[in-house]
Amino acid sequence: MLEIKDISKTYDNGHKAIKNISFSIADGEFLSIIGPSGAGKSTVLRSINQLITDDSGQILFNDQDIRQANKQQLRKIRAQIGMVFQNYNLVGRLSAIENVLHGALGRKSTISGALGWYTLSEKQSAAALLDLVGLGDFIYTRANELSGGQMQRVGIARALMQEPKIILTDEPIASLDPQSTTVVMDYLKKIAVEMNITVIANLHQVEIAKKYSDHIVGINNGQVVFNGQPNELTPAQIVNVYGNDVGAIE
Ligand SMILES: Nc1ncnc2c1ncn2[C@@H]1O[C@H](COP(=O)(O)OP(=O)(O)O)[C@@H](O)[C@H]1O
Ligand SMILES: [Mg+2]
């Protein structure tokens, strides 16, 4: 259970990116954060992972305030949060399985991590995870020889390698064609449903958010303007969230 309570962030240049944002997320829930470009979606996601520090508010992960955590506690919390990136963040010259194994680095000693020493069981897990995302035939393919959709599935397998409780993903499909979008979203959904991993996805497109989410938070101009289930997101609510950004609605 993750509870975001009243968080605000003003960037160094004085721009107030988010204002008193509050919402909570149940375990295993697929939550989408929607809103137009510049609304503050990425800022919210970065706050949850404490990649940026908010000015005020609380982020409670199983009742522990992430913002009050010391370095060691924060490392433990972060180990439970997997990230999936818009641009995949893979090492192109390495194979799919080597990229997935990187997801285990947080649990290893610096030396064995640096030397690429992985145990047999880690290698078996990485191969099984690639199989889970439909890439069983591409285990030894170099990442830069894969399609965008395949690269994103390697990114998902790498996040799972960390055995996370939560996966955060900022516009995971923004660089993908419609067909790959469906495949990647289907796997993210499967993870939430079958592995009971909470998925928090920033999405620009409302139709995709409605199709896959259990819970949607709409942000406009740094504030929550919708918080509910997909079927509660009426056309009027959508206009509230997107204003004149019609591109996202179509
Ligand atoms: N590092 C930063 N410094 C100053 N302003 C920023 C920074 N990052 C984002 N912003 C601004 O904060 C607002 C929210 O940005 P962001 O969270 O990236 O929105 P979204 O992800 O919804 O597009 C935007 O106006 C953006 O220009
Ligand atoms: Mg963003």
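The values are calculated or read from the model by the stated rules, or taken from the named source; none is laboratory data. What you see is a predicted model, and the numbers here were worked out from it, not measured in a lab. Counting neighbours? That spans all protein chains shown, and the Cβs are built from the backbone with ideal geometry, glycine included.
Looking only at residues of the range 64-83 that are touching a residue at least 12 places away in the same chain (Cβ under 8 Å) and more than 28 Å from Leu101 (Cα to Cα), we find that the one that is nearest to ligand 1 (Cβ to nearest atom) is Arg67.
As a summary of the residue check, Lys19 satisfies the conditions (1) surrounded by fewer than 20 Cβ atoms within 10 Å (Cβ to Cβ); (2) assigned to a loop (DSSP other than H, G, I, E, B); (3) more than 17 Å from the chain's Cα centre (by Cα); (4) charged (D, E, K, R) except for the one numbered (2).
Within the range 111-161, the set of residues being modelled with pLDDT of 95 or more and polar (S, T, N, Q) comprises Gln124, Ser125, Thr141, Asn144, Ser147, Gln150, Gln152.
Does any residue of the range 48-60 turn out to be within 16 Å of ligand 1 (Cβ to nearest atom) and touching a residue at least 60 places away in the same chain (Cβ under 8 Å)? There is at least one residue in the range 48-60 that is within 16 Å of ligand 1 (Cβ to nearest atom) and touching a residue at least 60 places away in the same chain (Cβ under 8 Å).
For the range 119-137, give me each residue that is in a helix (DSSP H, G or I) and either buried (at least 20 other Cβ atoms within 10 Å of the Cβ) or basic (Lys, Arg) (or both). Those that are in a helix (DSSP H, G or I) and either buried (at least 20 other Cβ atoms within 10 Å of the Cβ) or basic (Lys, Arg) (or both): Lys123, Ser125, Ala126, Leu129, Leu130.
Per the conditions (1) modelled with pLDDT under 95; (2) buried (at least 17 other Cβ atoms within 10 Å of the Cβ); (3) more than 16 Å from ligand 2 (Cβ to nearest atom), the sole criterion not satisfied by Lys76 is (2).
Checking each residue in the range 187-209 for being in a helix (DSSP H, G or I) and hydrophobic (A, V, I, L, M, F, W, C) picks out Leu188, Ile191, Ala192, Val193, Met195, Val206, Ile208, Ala209. For Ile21, the conditions (1) within 19 Å of Ile197 (Cα to Cα); (2) touching a strand residue (DSSP E or B) at 6+ places or on another chain (Cβ under 7 Å) are fulfilled apart from (1). The selection criterion, being within 20 Å of Ile156 (Cβ to Cβ), surrounded by 13 or more Cβ atoms within 10 Å (Cβ to Cβ) and touching a residue at least 24 places away in the same chain (Cβ under 8 Å), holds for Gln86.
Residues that are surrounded by fewer than 20 Cβ atoms within 10 Å (Cβ to Cβ) and aliphatic (A, V, I, L, M) within the range 49-64 comprise Leu51, Ile52, Leu60, listed in sequence order. For the subset of the range 10-37 comprising residues that are closer than 18 Å to Ala201 by Cα and among the polar types (S, T, N, Q), which member is nearest to ligand 2 (Cβ to nearest atom)? My answer is Ser37. Filtering the range 26-62 to residues that are of a type in the set (Val, Ile, Thr) and closer than 19 Å to Ile208 by Cα leaves Ile33, Ile34. Would you call Thr43 crowded, with 17+ Cβ neighbours inside 10 Å and polar (S, T, N, Q)? It is true that Thr43 is crowded, with 17+ Cβ neighbours inside 10 Å and polar (S, T, N, Q). For the range 34-44, a residue qualifies if it is near ligand 1 (Cβ under 8 Å from one of its atoms) and either hydrophobic (A, V, I, L, M, F, W, C) or at negative phi (or both), and the qualifying residues are Pro36, Ser37, Ala39, Lys41, Ser42, Thr43, Val44.
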